[in-house]
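Here the structure comes first, spelled out in C-alpha cells, and everything after it is commentary.
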Amino acid sequence: MRVVRAVLGLLGAGAAGYGVLRLLRLPSEQVLAVLVWAFGGIVAHDGVLAPLVVGLGLAATALARWLRPSLVVLLVVLGPLTLVAVPVLGRFGARSDNPTLLDRPYLAGWLVVVGLAVAVAAVTALRARRSSSGDPVPGPPA
Amino acid sequence: MSERALRGVAARIDARIPRPESFTSGLRGPRTTARIGTWLAVTFTIAFVTGLYSHASQLATPPLTLPSGPSRLYQVTQGLHVAAGTASVPLLLVKLWSVFPRLFVRPPRAGRELVLNLLERVSIALLIGSAIFQLATGLANSAQWYPWSFDFIRAHYALAWVAIGSLALHVAVKLPVIRRVFTEPVDGPADGFDDGPRDGAAEPGHDGVPTRRTLLRATWVSAAVAVVVTTSVEIPGLRRLAVLAVRSGQGPQGVPINRSAVGADVAGLFDDPAWRLRVVGPVDTVELSLDDLRAMQQRSAVLPIACVEGWSASGEWGGVPVRDLVALVGGGPDDDVVVRSMQPRGAYRESRLPANFVRNPDSLLALTLAGEPLHRDHGFPCRLIAPARPGVLQTKWVREVEVVKA
C-alpha cells in the first residue's frame, strides 16, 4: 500500500502543480479573479452554508423523532438541487435574440419537484409516526 | 498588553470556537465520508477525462487524431461531463458536511506534526477551492451565465488539473482510513476519525433517528434527481422530466440554436444575393453560388448539434460532402480544411476540420435542415456540420472553405 500511496500522491502533486502553472499563465488580474472565486467558494461554504445546516440540525432536535429522517432526506435532496437550479431559475444568461435558450418554466418545474419531494417525505414521516406509536394515525397533522 | 493578558484573550477566543466533539450527529464520520468520497472520485474522474477530450477536440490541431465517429461520440462524452459535474454537487455538499467538524481540530503545537498538518490543510484547501470553482463555473457556463472577469475555458481547464491532482493526493493521504472503513458495516454503534472521539448514536432502528444508511441513500437519490431534471432532455422519453434543463430541445426546424444571426452580427450579410462560397485549394480557387452548390451531388445525414454546455439535438442535414469541395480544388485525402464564417468577430468564426473528419462522407457543408433551406439562425446559406464534433466548431454562415496541408 505504501507504493500505491506514494505513486498516487506524487502523480496528484504533479497534476495539481501543472494546474497551478497553467493558471499562472493567465493575466494577473484574471488569476486574482480566479482566486477570489475559489477561496470565495470555501468561505461561502464554511462560513455560511455549513453553519446554516448545523443550525437546521440543532433546530430539528426540537422536533418529534418520527419527523427527522424525512426532513434529513428532504434537505439532502432539495438543498443541492436548488443550488444547481440557481443559473436557470435566475435566467441570468437569457438573450432576447435567442428564444431557444433557457426556454422552460423553471420556477414551475422547481415547485413541482419540491411538491413531489414534500409529498413523499410527508407519507414516509406519517408511516414512521404510525409505526413508532403503534396506533393508526387519525389524519394529517394540522 | 502583557503576555499573560494576551494568552487570556487567546484562551477565551479558543473557548468560543467549537471543537470537533461539539458536533454531535452520529451520521458524520469516515464511514459516511469514504462512501460518498468514492463516488465523488468517480464523478470527478469522469468529468476530468471527458473534459480533456472536449478540450483536445477544440484545439486547432489536436495532439492526436481524434475519431470522427460514431457521430454521437461528442454528444455522449459532453453529456457525461455535465451529468458528472451536476451529480457532484450533492455528493460534495454532503461529504463536506460529514467532515465539517474536522475544520475545528486544533493544530499540533509545533514540530514535524505542525508542518504535516499545515501541508495537509493546504492540499485540502486546494481540493475544496478548485472543486467548488469547477462546479460553480461549469453550471453557470452551461446556462450561458458568465458573472466573472476571467477566461472561462482557460481557468476551468487549469483548475481541472488542480482538482484532479489534489483529489489524488487526498486519496493517497487517506487510503488507510478508506481501506479500514470499507471492511466495517455502514451502520454501527460507533464511528469516528482516528484522532477524534468516536461518535455515538446512528444505530439502525434507533426509534426514528436517521441512520447512516438513510443519509447515504438520500445522497444517491439527490444526485440522481439533480442529473435527471437537468440533463435527461437528450434521452427520449425522459425529456419531460428535465424540468430544469437549460433548453427544451425546441427551436427553428426542430433544433435549438446557440448563437443567432443577430447575435453574430451577420443580419445584413447572410442574405446578400451576391453571396458566393469561395473554395481555396492547392490547385484552384472557385466561387460557387447557392444554385451551384445545390446542383452538386447532395447527401443527407442525421447528425447531432452537441454543445459544450451539455445540451444536444439531432437533425437531418442535407448538403455537399466537404470532401467533394476539397476534390473540386485539387485537395487530397490528407488535407485539413479551414472553414470561415461571415461573422465579423468572435473566437468561433473559423474552425479547422482535421483530414480524417474531411474524409468522412457525413461531414457536410449543409444547405438544408429537415428538408428545408437552413433557417437564418442555423447558418443560412450554408454551414459546416460534421459528426462527433463540438457544436461551437460547426461553423455557420460560411463564406470560405480553404484546403490546408496538415
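The values are calculated or read from the model by the stated rules, or taken from the named source; none is laboratory data. Just so it is clear, the model here is predicted, and its values are computed rather than measured. Please note: Cβ atoms are built from the backbone with ideal geometry, for glycine as well, and neighbour counts cover all protein chains shown. Please note that ligands, DNA and RNA were not included when accessible areas were found on the heavy atoms of the full protein model with its side chains. Shrake-Rupley method; radii C 1.70, N 1.55, O 1.52, S 1.80 Å.
Could you tell me how many of the residues in segment B:250-272 are facing another protein chain (nearest Cβ under 9 Å) and either open to solvent by 10 Å² or more (accessible area, probe 1.4 Å) or among the hydroxyl-bearing types (Ser, Thr, Tyr) (or both)?
Matching residues across segment B:250-272 total 8.
Please work out which residue is most open to solvent (accessible area, probe 1.4 Å), limiting yourself to segment B:273-286 and to residues that are among the hydrophobic types (A, V, I, L, M, F, W, C) and out of contact with any helix residue (DSSP H, G or I) (no Cβ under 8 Å at 6 or more places or on another chain).
B:Val283
Restricting the first residue to segment B:276-296 and requiring it to be under 13 Å from B:Val403 (Cβ atoms), which pairs with a second residue that is charged (D, E, K, R) meet a Cβ separation below 7 Å and a spacing of at least six or different chains?
B:Arg278/B:Glu287; B:Arg278/B:Arg399; B:Arg278/B:Glu400; B:Val280/B:Glu400; B:Val280/B:Glu402; B:Thr285/B:Arg278
Scan segment B:213-231 and tell me whether some residue there is part of a loop (DSSP other than H, G, I, E, B), modelled with pLDDT under 95 and not polar (S, T, N, Q). Show your work before the answer.
Step one: filter segment B:213-231 for residues part of a loop (DSSP other than H, G, I, E, B), giving none.
No, because not a single residue in segment B:213-231 is part of a loop (DSSP other than H, G, I, E, B), modelled with pLDDT under 95 and not polar (S, T, N, Q).
Quick check on my filter: what residues within segment B:347-380 are open to solvent by 40 Å² or more (accessible area, probe 1.4 Å) and acidic (Asp, Glu)?
B:Glu350, B:Asp362, B:Glu372
For A:Val73, indicate whether it is at the interface with chain B (Cβ under 8 Å from one of its Cβ atoms), within 14 Å of the chain's Cα centre (by Cα) and open to solvent by 30 Å² or more (accessible area, probe 1.4 Å).
yes
State the number of residues belonging to segment A:84-123 that are surrounded by fewer than 16 Cβ atoms within 10 Å (Cβ to Cβ) and touching a residue at least 24 places away in the same chain (Cβ under 8 Å).
Number of matching residues: 3.
Pick from segment B:178-198 the residues that are surrounded by 14 or more Cβ atoms within 10 Å (Cβ to Cβ) and either of a type in the set (Ser, Thr, Tyr) or not in a loop (DSSP other than H, G, I, E, B) (or both): which of them is modelled with the highest pLDDT?
Restricting to residues being surrounded by 14 or more Cβ atoms within 10 Å (Cβ to Cβ) and either of a type in the set (Ser, Thr, Tyr) or not in a loop (DSSP other than H, G, I, E, B) (or both), the top hit is B:Ile178.
Restricting attention to segment A:18-38, which residues are more than 7 Å from chain B (Cβ to nearest Cβ) and either open to solvent by less than 30 Å² (accessible area, probe 1.4 Å) or at positive phi (or both)?
Residue satisfying the conditions is A:Val31 alone.
Could you tell me whether B:Ala83 is in a helix (DSSP H, G or I), out of contact with any Gly (no Cβ under 7 Å at 6 or more places or on another chain) and of a type outside the set (Phe, Trp, Tyr)? I'd like the intermediate steps shown before the answer.
Values: in a helix (DSSP H, G or I): yes; out of contact with any Gly (no Cβ under 7 Å at 6 or more places or on another chain): yes; of a type outside the set (Phe, Trp, Tyr): yes.
Judged against the criteria, B:Ala83 is a match.
Please go through segment B:314-346 and give me each residue that is surrounded by fewer than 23 Cβ atoms within 10 Å (Cβ to Cβ) and either assigned to a strand (DSSP E or B) or among the acidic types (Asp, Glu) (or both), ordered by number.
Answer for segment B:314-346, where residues must be surrounded by fewer than 23 Cβ atoms within 10 Å (Cβ to Cβ) and either assigned to a strand (DSSP E or B) or among the acidic types (Asp, Glu) (or both): B:Ser314, B:Gly315, B:Glu316, B:Gly318, B:Pro321, B:Asp324, B:Asp334, B:Asp335, B:Asp336, B:Val338, B:Arg340.
State all residues of segment B:287-313 that are part of a helix (DSSP H, G or I) and open to solvent by 50 Å² or more (accessible area, probe 1.4 Å); if no residue qualifies, say none.
Residues satisfying the conditions are B:Asp291, B:Asp292, B:Arg294, B:Ala295.
May I ask you to list the residues in segment B:219-254 that are closer than 24 Å to B:Pro30 by Cβ, touching a residue at least 12 places away in the same chain (Cβ under 8 Å) and over 21 Å from the mean Cα position of the chain (by Cα)?
Hit for segment B:219-254 is B:Thr219, nothing else.
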